[in-house]
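Notes follow once the structure below has been shown.
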Amino acid sequence: MNLPVKFIEKYQQLLGEEATAFLTSLQSGKVQKGFRLNPLKPNFKQVRTDLSRPLNYVATGYLGAITGRSLEHQTGYLYSQEPSAMYVAEAAAVQPGEYILDLCAAPGGKSTQLAGKLQGQGLLVANEIDAKRARVLAENLERTGATNVQILNEQPAKLIKKFKGFFDKVLVDAPCSGEGMFRKDPAAITYWSVDYPRECANRQREILKSAWQLLKPGGQLIYSTCTFAPEEDEQIAAWLLAEYPTLKLLPLKKYSGMDNGRPEFADGRAELTRAVRLFPHHFQGEGHFIAKFQDTQPQPGRRLKRAKKRSNQ
Ligand code: SAM
């Protein structure tokens, strides 16, 4: 794989001595494959696929390659997903009964996992802006057998009219510069330029402004990318903290091979270490960044809202 010279120079500057290991891992072309079981299916662990390499940070996650043509995939018992992507829905720590929005949801890796965590209780709204991708999202979610899922094909800002302040948790798995896709899909390299992370960051800020309005006071916002670029990752996390002072960054558990977010990649605020960086030279996965925010405004509470509505009638 030929990485762009400017990309190599950028990470040599950012990572110093560590850059060689990072760049070598990307250039190795060795893609880490994984899959998840679907807890919504009866006897979901009784599959023929090899379950000998479980992951310790995702109860339903395993290392290993599966094919989309297999019966177990077609019937929704398995979902192919690279291991670092699995930690996003895990970090969201969704509880049955919650109202969850997956704002950038296709093809559905995180949505299918979130649906499993809801256990049929509460609501998952899985939104995808691109109509063609939304159809793939629908197919993948349908296979899970989840019944408490609404699939939408909307621009994030258009959701505000119906869903302002509605969701307990909003996941923005943002469209990004995709540097963590380089090994899996070398075509992703052709989109990359020095300016691309900044362009992606601008788009992410717009999406996150909508996400903020869709989140209920006291809710949690999860921001993730599959890139290593500081202009997105830590700098977007720092921007969120500055823009929305009631947001606090929550510490995410770091399992073996997981790195802290790097304050020096943004404005130096120490709390950025609470985010997670998954680097392919430390972790068995393609690469991700995850930051989880808690809004500290008082929660209105659903019961209170209903009581208020009744008293207004
Ligand atoms: N969460 C997905 C999963 O785990 O399978 C992957 C999401 S992918 C990283 C980002 C998604 O954001 C893409 O499906 C893309 O179509 C969508 N997207 C692109 N531009 C967008 C925008 N302006 N607003 C919202 N979503 C956008």
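Since every read-out is calculated from the coordinates, none of them should be taken as a lab result. Keep in mind that this is a model prediction, so the values were computed, not measured. Here the Cβ positions follow ideal geometry from the backbone for every residue, glycine too, while neighbour counts run over all protein chains shown.
Some observations on this one:
- Residues satisfying the stated conditions in region 125-147, i.e. part of a helix (DSSP H, G or I), within 14 Å of the ligand (Cβ to nearest atom) and either within 24 Å of G165 (Cα to Cα) or not basic (K, R) (or both): A131, A134, V136, L137, A138, E139, N140, L141, T144
- Residue in region 69-76 that is within 16 Å of the ligand (Cβ to nearest atom) and over 22 Å from K132 (Cβ atoms) present: no
- With respect to the conditions (1) buried (at least 21 other Cβ atoms within 10 Å of the Cβ); (2) of a type in the set (G, A, S); (3) more than 18 Å from the chain's Cα centre (by Cα), A131 falls short on a single one, namely (1).
- Residues within region 92-118 that are of a type in the set (S, T, N, Q) and over 16 Å from N148 (Cβ atoms), tallied: 0
- In region 78-124, the residue that is nearest to the ligand (Cβ to nearest atom) out of those that are in contact (Cβ under 8 Å) with a residue 60 or more places away in the chain, closer than 16 Å to F166 by Cβ and assigned to a strand (DSSP E or B) is D102.
- Entry remark, region 181-205: residues being in contact (Cβ under 8 Å) with a residue 40 or more places away in the chain and either near the ligand (Cβ under 10 Å from one of its atoms) or among the aliphatic types (A, V, I, L, M) (or both) number 3 in total.
- Number of residues in region 146-192 that are more than 24 Å from R277 (Cα to Cα), among the charged types (D, E, K, R) and touching an Asp or Glu at 6+ places or on another chain (Cβ under 8 Å): the value is 1.
- Applying the criterion of being within 13 Å of L103 (Cα to Cα) and more than 12 Å from the chain's Cα centre (by Cα) to the residues of region 212-240, the residue that is surrounded by the fewest Cβ atoms within 10 Å (Cβ to Cβ) is Q213.
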